[in-house]
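One structure is given here, and the rest of the page talks about it.
Every number in this text was worked out from the coordinates using simple rules, so none of it is lab data. Just so we're clear, the structure is a prediction, and the values are computed from it rather than from any experiment. Don't worry about glycine lacking a Cβ; one is built from the backbone with ideal geometry, like all the others, and counts go over all protein chains shown.
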Ligand code: AMP
Ligand code: ZN
């Protein structure tokens with residue numbers, strides 16, 4: 001079965017790419033939930049956070065570093081921002097290729113919806 005984010009990684013589908021290296025890509029969310037809403041996506045297909053293996057630990061760490069780069073580029077690092085990774089149905093996960101949401105530019109609420 002096809003994977004939307006694999007297609008974006010392979011440039012078969014368009015995205016507004018903000019960052020790319022050998023391991024990951026970051027692009028604007030198509031349906032932003034805050035003034036800044038960027039997705040940080042590993043190039044390796046991993047379906048959910050439950051599927052992260054020990055061999056992926058450094059890759060997962062890289063996603064957080066890229067999120068920090070994005071937050072600094074977007075000017076929200078000091079104000080604050082939120083990182084979210086949904087897992088499975090009740091969290092609201094809709095794309096089954098892991099991604100870190102970088103949300104910022106407005107006051108976030110807690111508990112989340
Ligand atoms: P999640 O619900 O955590 O799986 O997040 C999936 C995210 O992907 C949602 O925020 C969607 O708005 C976003 N999304 C879906 N399709 C695209 C696309 N073609 N380009 C960019 N973002 C997308
Ligand atoms: Zn994929």
- Message: Quick check on segment 28-113: take the gyration tensor over C-alpha atoms, sort the square-rooted eigenvalues as a ≥ b ≥ c, and tell me if it's rounded (a/c under 1.5), prolate or oblate.
- Response: oblate
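For n ≥ 4 DSSP H runs only, could you compute -39500 (n - 2.57) per run for the chain, divide by its residues and tell me the 222 nm figure to the nearest 500?
Details: 2 runs with 23 residues, N = 113.
Helix-only estimate at 222 nm: -6000 deg cm²/dmol.
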- Message: Quick check on segment 1-73: take the gyration tensor over C-alpha atoms, sort the square-rooted eigenvalues as a ≥ b ≥ c, and tell me if it's rounded (a/c under 1.5), prolate or oblate.
- Response: oblate
- Task: Find the relative contact order for the chain and round it to a whole percent, using C-alpha pairs within less than 8 Å whose residues are 6+ positions apart.
- Result: 30 percent
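Find how much the distance from residue 47 to residue 106 grows on full extension, using 0.36 nm per residue of separation minus their present alpha carbon separation; answer in nm with one decimal. Intermediate values should be presented prior to the final figure.
Numbers: separation 59, 0.36 × 59 = 21.24 nm, distance 2.94 nm.
My answer for the length gained is 18.3 nm.
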- Item | Residue order, fewest to most beta carbons within 10 Å, for 57, 19 | 57, 19
